[in-house]
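The values are calculated or read from the model by the stated rules, or taken from the named source; none is laboratory data. Predicted model, so just to flag it, every value in this text is computed and none were measured. Cβ atoms come from the backbone with ideal geometry, glycine included; neighbour counts cover every protein chain shown. Areas reflect the complete protein model, heavy atoms only, side chains present, ligands, DNA and RNA absent. Shrake-Rupley method; radii C 1.70, N 1.55, O 1.52, S 1.80 Å.
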Amino acid sequence: MSDLERAAASLAARLPEPLRPLAPLAYNMRWSWMPGGDELFASIDRERWQRCRANPVRLLLEASNEALEAAAADDEFLARMGELTAAVEADLARPDSTAVDGTVAFFCAEYGVHRSLPIYSGGLGALAGDILKQASDDALPVVAVGLMYREGYFRQRIDVTGWQQESWVDSDPDRLPMALITTPDGGPLSVRIPVGESDITAQVWEVRVGRVRLLLLDTDHPANDGVSRWITARLYVGDPGLRLAQYLVLGIGGMRALDALGIDPAVLHLNEGHAAFAALELAAREQRGGASLDEAMAAARARTVFTTHTPVPAGNDTYGPNHVAHAVHRAADEMGLGVERLVRTGRTNPDDPHEPFGVTQFALHTSRAANGVSARHGEVARAMWNGLWPDRSVEDVPITSVTNGVHLPTWVGGPIRHLLDRHLGEGWAARATDPRTWDALDAISDEELWDARSRQRSALISHVRERSVRERLARGDTLDYARAAAHFDPDALTIGFARRVATYKRIGLLLGQLDANLSLLAGDTPVQLLIAGKAHPRDEEAKHSLQELFSVRGAEGVSGRVAFLEDYDLDTAARLVGGCDVWVNLPRPPLEASGTSGMKSVVNGGLHLSVLDGWWAEAYDGSNGWALPGEVWEDTGAQDARDSAELHRLLADEVRPLFCDRGDDGIPHRWLELVRASMRTLAPRFGAGRMLEDYIERMYPARASTPR
Ligand SMILES: *Cc1c(COP(=O)(O)O)cnc(C)c1O
């Protein structure tokens, strides 16, 4: 019996006999992207399901006997449970795909699998979660490695002055769908990681994401001192010593955990530089097997591939040589690499003694292949890292691109999914990369399509109404302002803007043409705007831009037209991308590596309005959404002013009139034409299925790899 099976059996033993199959279901995240999965658990006790943040293990531990006995006596419930259990079991029993030669070990610092598992912060995590789910759907032999953050990322509240306040919630792993991995003698498996002068002990939790094992290292272990126990407490801690310690635990500890479990990956996929030290440990392993230092480094490199996710400096962190030397010297010395050479490997120009150590440079140097996350980001990354290959021209820099994609079963809302099931045929998600699958969109009537869109918008708006009242009152806003939340309109043109609040994402442009925008909000055919996003706790500039946004909430007409939803997470994201008619993205080009929230919107029949940067630069064809120019301007102030005016012009002159152009039946037929064009051209190209096909073709070893 595996540790997860044991945990499920012990949970099952506490349940009324007919409900016992719920326990193994609860211990595999697969239910979360099974139609009816959420509803099954929710129907046991809806209020508790929300209180448990949709965590089925907690629900089953905390639900009252009455609620459990009622479900156990409900034949309809038991029938649904039986169907879901059978579907999950059949999915898990499929043989592995042979598309990849051997196991892929996927390393990432965060995973956004589901809101009940709070070990993610934003886009990188959401993408990693989508990759695991798609790998499971495609039966690819993937094992994933990450960190178990007991306090996760921060929870966001905005106070009455508009300032972001952060808090952290300590989660109890025993109530999460995970189990501590034990050794055959019954004790917890632990690995040791040399960090500075200490040996850190990490235990390993396992989460099942469908067929994929996700291993999470956790230093909150009694063998460690207080500081070391804190290493994996929170995502992206600010202290450089702790940050490097996290990277060592993830990279070196992750490889050692795989080793201890007898997993010998054919390829190491480092998803962002945080995991760069995994390649070092792979080399050390080769060396223990008898290879010389250079042979070992070459062998590790031949098995390592690397994805870079952002050109923004904060996402390519660097450390002073002394910090790195202190943290990594024992790992480097043990294998005879030496700190000096290690630090050189993390520099663009190894001979520059003043250049700090960069994790991205280190990963680029120690991997066989590298990619950016959109075609444009590939170009940007080749130019950005040209210095690592000084004798090559920009075009010849060996960084390719694999454009991100989103996991369709996770992101497509219920009404649109039903529509696609009916018209594209069951199992359409597995055929999504074939453009012909989407031809059937033409056969969907405008009535049906509009009905599905309207249902998703209505569901979002009732959520916004309810939630805004609570958030406004909790913040200390006036009763009138709180009551105004009732004015959000389920039929009004609804525009969404939600993402991490970082300066380059230019949330401030929404306010650029303030007076004109307020008139857009106030007119007879109103527009409403839904905003969400967290600023990194140390990003004062971003927090100021949030505060500026809040400063206009008292303006005429704003209270029932503009909502800021606190604490942006996977759940809020799914609601927003499901219900918004238009999804806006305003990055300062060329800093948006990809962006994925817009993809989530278009697969729900939302329309995308974005700067021609990231994925949109290769997606927009002139007739499947709206675009702002993507050139790079020296004078960013002037560019912001131009873009803000252009955004306003598009909304006032193109978007709103099209939405308001109704037939006698009240349906915006021309709008729906655009929705069809958007889904037909974009859905086959920006799903996670296509992304994994590209990774297999361009990055993973299908056969003997070609050195670059
Ligand atoms: C999809 C997603 C993101 C990424 O959105 P971008 O468009 O890349 O900014 C961030 N956070 C959450 C919660 C998401 O679901």
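Remarks
- Carbon plus sulfur fraction of accessible area for the chain, probe 1.4 Å, in percent: 50 percent
- Think of a 1.4 Å ball rolled over the protein heavy atoms: the range 560-603 then has 14 Å² of accessible area per residue.
- Total lysine pairs whose alpha carbons fall under 22 Å of each other in the chain (8 or more apart, or interchain): 6
- The solvent-accessible area of V469, taken with every protein chain present and a 1.4 Å probe, is close to 50 Å².
- For the set T360, T183, the ranking by accessible area, highest first and with no ligand, DNA or RNA atoms included, is T183, T360 under a 1.4 Å probe.
- Whether the range 416-563 is rounded, prolate or oblate, judged on the alpha carbon gyration tensor where a/c under 1.5 counts as rounded: prolate
- For Q513, no residue has an amide H sitting under 5 Å from its own, ignoring neighbours fewer than 5 places away on the same chain, with H placed 1.01 Å from N.
- Each residue of the range 84-99 was assigned a 3J(HN,Hα) from its phi angle through the Karplus curve 6.51 cos²θ - 1.76 cosθ + 1.60 (θ = phi - 60°); the sequence is 5, 4, 5, 5, 5, 4, 5, 5, 6, 7, 4, x, 5, 5, 9, 5 Hz, with glycine and proline shown as x.
- Dimensionless Rg ratio for the range 161-229, taking C-alpha atoms and the 2.2 N^0.38 Å reference: 1.42
- In sequence order, the range 183-191 has phi-based couplings of 8, x, 7, x, x, x, 5, 9, 10 Hz under the Karplus curve 6.51 cos²θ - 1.76 cosθ + 1.60, θ = phi - 60°, and Gly or Pro positions carry x.
- Listed residues R382, R48, R685 arranged by accessible area, highest first, probe 1.4 Å: R685, R48, R382
- Dividing the mean sequence gap of close Cα pairs (under 8 Å, 6+ apart) by how many residues the chain holds gives a relative contact order of 13 percent.
- For the range 560-566, putting each phi into the Karplus relation 6.51 cos²θ - 1.76 cosθ + 1.60 with θ = phi - 60° gives couplings of x, 10, 10, 10, 9, 9, 6 Hz, in residue order, rounded to whole numbers and with x for Gly and Pro.
- Here the range 3-92 is treated as a sphere whose radius is the Kirkwood value from Cα pairs; by Stokes-Einstein at 20 °C and 1.002 mPa s it diffuses with a coefficient of 167 µm²/s.
- The range 3-92, relative contact order in percent, only Cα pairs under 8 angstrom and at least six apart counted: 32 percent
- The distance between label points at Q165 and A522 comes to 3.2 nm (points 7 Å beyond Cα on the Cα→Cβ vector).
- The range 410-686: relative contact order in percent, alpha carbon pairs under 8 Å with at least 6 residues between: 22 percent
- Once all protein chains are placed together, R670 keeps about 140 Å² accessible to a 1.4 angstrom probe.
- Computed on the Cα trace of the chain, the radius of gyration divided by the Kirkwood hydrodynamic radius gives Rg/Rh = 0.96.
- The residues D567, D138, sorted by heavy-atom accessible surface at 1.4 Å with ligands and nucleic acids left out, run D138, D567 from largest to smallest.
- At a probe radius of 1.4 angstrom, the accessible area of the range 1-128 per residue rounds to 42 square angstrom.
- Sequence-distant residues sharing a close amide H with V603 (under 5 Å, placed H): none
- By a 1.4 Å probe calculation restricted to protein chains, E697 has an accessible surface near 140 Å², given to the nearest 10.
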